[in-house]
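Shown next, in structure tokens, is the structure this report addresses.
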Amino acid sequence: MDPIVAQIHALAKVADEEGRLNIIKELRQVQVELQSPKDSLMEIVGSGLVNAMLRVGADLGLFTLLAKNKGPLKVEEIASSTNASPQLLERILRYLGATSVIKESAANEYTATMLTHVLADPKGEAMIYHGFDTHGPVVQAMPDFFAENGYQDITDNTHTPFQKAHNTKLTSFDWLVQQPKHFENLQKVMTSLQGSEWTNEFALLDDEVQKIPSSAPQAFESPFFVDVGGGHGHQCRELGKKYPSLLGRMVLQDLPEAVGKLSPIEGVEIKAYDFFQPQPVTGAKLYYLRRIMHDWPDKEAAAILRNTAAAMNSDSRILIDDTVIPDTGANWQSTLADLAMMAFGGKERTEAQWHSLAKSAGLHVEQIHTYVASTYTAIVVLALE
């Protein structure tokens, strides 16, 4: 068995992202084929316990405690630091060890794994709380919601499993704004999903940046880059590092609750903005929306695009950083994401659906720059008709 495991590790070390996911896919299939029906049923029934125990672990500070400690800790030491009963901890830790969230290094002794460190990070901890407190009840509400509504598609973000789960008439975002703790967790989760990979080998961006004057921006200049719904400004920070000429030519926009308390970002103008209102920044070269459009049904998504289109010049472009699902053979990550977004009224879209959405807003798809082929993550470039 050890030589086989070593071979898999060796393959993973030299694999690209698509290759890595293919290895995982094959291993999942092997697991399914090797499991007995009893094994499979036990795994399905017990899946909810994982999220519950992650939440308990975060509440107790277990992951932070283990991650900070260089060596293993006895159950009694963990109990002393958390004020939890050793008897209760023993049972919880044993389960977390069995599921590889932490490592059982000896009898009643545990240490951190790579996953433990991920969960101990503030972004990882926020993911735990967002997954359990905000999204967990929605998942629980989905079966009854679908049955009550005759298993019809969700097209209205005020009538989704979210409203049923949280007993509200508000959209998920309006509700989150009124729940500061949950809203902050979401912002941290979004930050953890940020990255600048989309700029790699993206000729449109590189070509336009090359045209920027070497002099400082003038008062009459329109901004080059507007990050619409950009949260805490990760994308602007990354772009400023990669393209210093953009400093002073970028605008970060999001709701007041997201940007109101942000510290200044060098070279970035921070503005409170609701993208369901007219876009106040006119004539920018690029309007960038990352993980925004999949949050909304077609009607609302088209409204966001129309507000942006009204502010564009003929040489302006909208960059939608999102997923383009293939017509067949979509992987589990993208199909899971689609179901997760559906529960809030949103959707992941195919190429044909992106074309249809753009047309409904008076735009057209000019190109699609796929930058992570394994997860279908791409920049959908929109131009005025």
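Picking from residues in the range 209-233 that are among the charged types (D, E, K, R) and assigned to a loop (DSSP other than H, G, I, E, B), the one that is surrounded by the most Cβ atoms within 10 Å (Cβ to Cβ) is Glu221.
Condition check for Leu239 on (1) among the hydrophobic types (A, V, I, L, M, F, W, C); (2) modelled with pLDDT under 90; (3) surrounded by 21 or more Cβ atoms within 10 Å (Cβ to Cβ): one failure, at (2). Could you list all residues from the range 111-120 that are free of Cβ contacts under 8 Å to residues at least 40 places away in the same chain and in contact with a Ser or Thr (Cβ under 9 Å, 6 or more places away or on another chain)? Thr113, Leu115, listed by residue number. Taken over the range 27-54, the residue count meeting the criterion of being more than 19 Å from Ser100 (Cβ to Cβ) and surrounded by 12 or more Cβ atoms within 10 Å (Cβ to Cβ) is 0. All conditions but one from (1) at pLDDT below 95; (2) closer than 18 Å to Leu66 by Cβ apply to Leu93; the one that does not is (1).
Of the residues making up the range 111-163, those that are more than 30 Å from Thr64 (Cα to Cα) and among the acidic types (Asp, Glu) are Asp144, Glu148, Asp153, Asp156.
Screening Phe225 with (1) free of Cβ contacts under 8 Å to residues at least 60 places away in the same chain; (2) closer than 17 Å to Leu289 by Cβ; (3) among the aromatic types (Phe, Trp, Tyr) gives one miss only, at (1).
Does any residue of the range 225-241 turn out to be closer than 25 Å to Trp296 by Cβ, of a type in the set (Lys, Arg) and touching a strand residue (DSSP E or B) at 6+ places or on another chain (Cβ under 9 Å)? The answer is no; no qualifying residue exists. For Thr282, the test of being touching an Asp or Glu at 6+ places or on another chain (Cβ under 9 Å) and polar (S, T, N, Q) is failed.
Taking residues in the range 4-22 that are within 14 Å of Val372 (Cβ to Cβ), and partners anywhere that are assigned to a loop (DSSP other than H, G, I, E, B) and of a type outside the set (Val, Ile, Thr), the pairs with Cβ atoms closer than 8 Å and at least 6 places apart or on different chains are Leu21/Asn331; Asn22/Ala15. Every condition in (1) without any contact (Cβ under 8 Å) to a residue 40 or more places away in the chain; (2) out of contact with any Asp or Glu (no Cβ under 8 Å at 6 or more places or on another chain) holds for Gly240 except the one numbered (2). Picking from residues in the range 115-153 that are among the polar types (S, T, N, Q) and out of contact with any strand residue (DSSP E or B) (no Cβ under 9 Å at 6 or more places or on another chain), the one that is surrounded by the most Cβ atoms within 10 Å (Cβ to Cβ) is Thr134.
Inspect all residues belonging to the range 189-198 and state whether any of them is of a type in the set (Ser, Thr, Tyr) and farther than 21 Å from Tyr273 by Cα. For the range 189-198, residues of a type in the set (Ser, Thr, Tyr) and farther than 21 Å from Tyr273 by Cα: present. In this structure, Phe173 does not qualify as under 19 Å from Gly346 (Cα atoms), modelled with pLDDT of 95 or more and within 20 Å of the chain's Cα centre (by Cα).
Here Lys188 clears all of (1) at pLDDT 95 or above; (2) among the basic types (Lys, Arg); (3) under 23 Å from His294 (Cα atoms) except the condition numbered (1). Scanning the range 305-355 for residues that are within 30 Å of Asn167 (Cα to Cα), of a type in the set (Ser, Thr, Tyr) and without any contact (Cβ under 8 Å) to a residue 24 or more places away in the chain turns up just one, Thr335.
Let's see how each residue does on (1) more than 30 Å from Glu18 (Cβ to Cβ); (2) touching an Asp or Glu at 6+ places or on another chain (Cβ under 8 Å); (3) polar (S, T, N, Q):
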| site | (1), (2), (3) |
| --- | --- |
| Ile304 | yes, no, no |
| Thr308 | yes, no, yes |
| Asp321 | no, no, no |
| Leu339 | no, no, no |
| Ala343 | no, no, no |
| Glu348 | no, yes, no |
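If the condition is being in a helix (DSSP H, G or I), of a type outside the set (Gly, Ala, Ser) and buried (at least 18 other Cβ atoms within 10 Å of the Cβ), then the range 253-293 contributes Val259, Met293.
Scanning the range 191-228 for residues that are charged (D, E, K, R) and either under 30 Å from Arg55 (Cα atoms) or modelled with pLDDT under 90 (or both) yields a count of 2.
The values are calculated or read from the model by the stated rules, or taken from the named source; none is laboratory data. As the structure is a computational prediction, the values presented were derived from the model and not from experiment. Neighbour counts run over all protein chains shown; Cβ positions are idealised from the backbone, glycine included.
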